[in-house]
Amino acid sequence: MSFTVLELFNNVSAFGWVVVAGGIFSAVLSGIIFWQDTTRQSNRLFFLFGFVNFVWGIVYAIFEGLFSTPDANTGVVMLYGTAVFIPTLLSLFLYVFSLENRSVSFLKIVVYFIPTVVIIGILYLYPSFIVSYQRSIADQSGKIIFEAGFSLYVFYVLAYLAIGPYFLIKKYRESAGIFKTVIHELLTAVWVSCGTAVIMALFSPLFGDWHDLFWVGHFAIILLVIITSYILIKYNFWNIKIIATELLVSITILIFIVELFFANSPLDLFVRILTITLVIFSSIFLVRSVRREMQSGERIMGLMYDISEISKRLKFLDRKKTEFLSVASHHLRDPLTSIRGYTSMLKEGSFGELTVGVKEALDKIYVSSEHLITMISDFMDVARIEGGDMQYVFSDVDMKKLVVELSSEMKGNAEQAHIIFSTTIDDVSMGNESFITVGDAGKLRQVISNLVDNSIKYTPEGEVSVLLSKSKDKRKILFSVSDTGIGMNDTTKGKIFNKFSRAEGVSKVYTEGTGLGLYVAKEIVKKHEGRIWAESKGEGQGSTFFVELEAKM
Ligand code: ADP
């Protein structure tokens, strides 16, 4: 060429630079998409597509620079030569995209590009066969002329613009859900942009004065890059915050790079290079930290979702288990009650005199069936509590009477186990206090009986003392049962009121326990707006269980 690059740049209009800027934007945007997932072949092709737009922008600037020179013809050939890659890459991208996560083999890609190479070859070998530029010396402008071979070019472009969407339409028919929507959006964007680009780039010069509008196609393709990027971001759920940061950072760096050319002294250039280096490094840190923040945010969201799914599943299983317990318990309790009833009658001699051996055997059957009935009643209570069907009948309950009666019933059990059993009702110190509370007599009896029973069970030797008293302000009734038994450590104390919870190794002391009695007691006391808790100085140091209820004033 007979002129310098600087001269060429000077000839480029402001509009030509806008075209270049559009190309840069297209390359940066598609580059960012590629950067989100470099392993995807469709992303790689999309980046190439965006990059070719950038090259086209640069070639357009060169073409403008050559307008008034004899080389304008070369410029137009270069322009159409670069544009050849646009339909090919777009078509290939659409094809690979339609394959979802599969890739196309290298051989297929080579085959895809054969016609492109042919067109480039024709353009190079016969520069005026497809398109040429007719300069008008008078007004320093010119006109693109479509030569004999132009129809071949048009056929090539249209064929590629048909192949890509063809695969996509095929995929659209087989798809469902979100992917179908994505294909639909992509196809619409392709039709509109490519339609505009084809009319403007291939046919507009036919409309006479419109001939210089062919650059509109370039912006239509940039628009396609923007829309496709948006669709890809949406479809792949890439975080818009990361992409916006990357875009901003890229544009800032580009501006700094352009500024390098305006340095007016070597020192100025040095300072600018230093600044740009700093900007690049801090941008890398910025993008990385945004990425990390987003990724950990996404991971937390994922974990939260998993946890909520697991919790739903556990709740479902828990409900199923409760239902099973309820059904099984009902079916077991009735036969067991009759076994216990008949055993009791046999023991009492209702069916004739029994030998000592038979009596002993019946005693064992009686005790075991009673254990089973208690256990089943606990299961049924749990099922009722969890199903919200536990029925309460509230009335005035005399706790003194209840405790005295229960104590006398249970004293026998304690004595059988060689335990010293005592009951104290502290009503005298406060002036013959009454111990009336409002509650369900049967349920409160169940709570107290369970606590006293536990104290006897978990005290291999020593004492069990029951105490009923009132708070100083007389508003609360306090029941407690202390023993000198196995006691418990803090871990056990923290969990025994939970369902199925027993102290470690406790089954050596008492095998048949289910770990449900205290859970049921806690639920009952809760319904009475009272408190229940346990205290112990440690293992082997005895325990005290408390129940506090509102006194009726
Ligand atoms: P179960 O007695 O059937 O195991 P509970 O719910 O009544 O079920 O009691 C839960 C656990 O609390 C018991 O297994 C035992 O470990 C502990 N526990 C209850 N009462 C006492 C007590 N008086 N002394 C020591 N540990 C006790």
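The values are calculated or read from the model by the stated rules, or taken from the named source; none is laboratory data. From a predicted model like this one, the values you see are computed outputs, not experimental measurements. With ideal geometry, Cβ positions are generated from the backbone for all residues, glycine too; neighbour counts draw on all protein chains shown.
Side notes on the structure shown:
- Applying the set (1) surrounded by 13 or more Cβ atoms within 10 Å (Cβ to Cβ); (2) at negative phi; (3) at pLDDT below 95 to Ile448 leaves exactly one unmet item: (3).
- Whether a residue is within 26 Å of Ser377 (Cβ to Cβ), within 13 Å of the ligand (Cβ to nearest atom) and surrounded by 20 or more Cβ atoms within 10 Å (Cβ to Cβ) was assessed, and Ile477 does not pass this test.
- When Tyr458 is tested against (1) surrounded by fewer than 21 Cβ atoms within 10 Å (Cβ to Cβ); (2) more than 8 Å from the ligand (Cβ to nearest atom), only condition (2) is not met.
- Residue among Thr424, Thr437 that alone is among the β-branched types (Val, Ile, Thr), more than 14 Å from the ligand (Cβ to nearest atom), surrounded by fewer than 18 Cβ atoms within 10 Å (Cβ to Cβ) and part of a strand (DSSP E or B): Thr424
- Lone qualifier among Ser26, Ser13 - being modelled with pLDDT of 85 or more and either crowded, with 21+ Cβ neighbours inside 10 Å or out of contact with any Pro (no Cβ under 6 Å at 6 or more places or on another chain) (or both): Ser26
- Some residue of the range 514-525 being more than 8 Å from the ligand (Cβ to nearest atom) and part of a loop (DSSP other than H, G, I, E, B): no
- Residues that are within 11 Å of Val525 (Cα to Cα) and of a type outside the set (Lys, Arg) within the range 443-461 comprise Leu444, Gln446, Val447, Ile448, listed in sequence order.
- Glu539 closer than 28 Å to Tyr392 by Cβ and not hydroxyl-bearing (Ser, Thr, Tyr): no
- Where Leu444 falls short, out of the listed (1) within 13 Å of the ligand (Cβ to nearest atom); (2) aliphatic (A, V, I, L, M); (3) more than 19 Å from His371 (Cβ to Cβ); (4) part of a helix (DSSP H, G or I): (1)
- Those residues of the range 350-391 which are acidic (Asp, Glu) and within 21 Å of Asn450 (Cβ to Cβ), in sequence order: Glu370, Asp378, Asp381, Glu386, Asp389
- Ser501 satisfies every condition listed in (1) under 27 Å from Val397 (Cβ atoms); (2) small (Gly, Ala, Ser); (3) within 7 Å of the ligand (Cβ to nearest atom) except (1).
- So Ala72, is it in contact (Cβ under 8 Å) with a residue 60 or more places away in the chain and touching a strand residue (DSSP E or B) at 6+ places or on another chain (Cβ under 8 Å): yes
- Extreme residue, nearest to the ligand (Cβ to nearest atom), among residues of the range 534-544 that are closer than 18 Å to Glu461 by Cα and assigned to a strand (DSSP E or B): Ser543
- From the options Val393, Val397, Val404, residue that is without any contact (Cβ under 8 Å) to a residue 60 or more places away in the chain, in a helix (DSSP H, G or I) and farther than 17 Å from Gly517 by Cβ: Val404
- Applying the set (1) assigned to a loop (DSSP other than H, G, I, E, B); (2) farther than 23 Å from Thr423 by Cβ to Gly487 leaves exactly one unmet item: (2).
- Any pair with Cβ under 9 angstrom, 6 or more apart, that starts in the range 482-495 at a residue that is on the phi < 0 side of the Ramachandran plot and ends at one that is more than 6 Å from the ligand (Cβ to nearest atom) and of a type in the set (Lys, Arg): Gly485/Lys457
- Residue match in the range 461-469 (condition: away from the ligand (no atom under 16 Å from the Cβ), surrounded by 14 or more Cβ atoms within 10 Å (Cβ to Cβ) and either farther than 26 Å from Thr492 by Cα or not acidic (Asp, Glu) (or both)): yes
Residues checked against (1) under 55 Å from the mean Cα position of the chain (by Cα); (2) surrounded by 10 or more Cβ atoms within 10 Å (Cβ to Cβ); (3) outside any loop (DSSP other than H, G, I, E, B); (4) modelled with pLDDT under 90:
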site	(1), (2), (3), (4)
Tyr305	yes, yes, yes, yes
Ile310	yes, yes, yes, no
Leu314	yes, yes, yes, no
Thr337	yes, yes, yes, no
Tyr342	no, yes, yes, no
Gly349	no, yes, no, yes
Glu360	no, yes, yes, no
Val367	yes, yes, yes, yes
His371	yes, yes, yes, yes
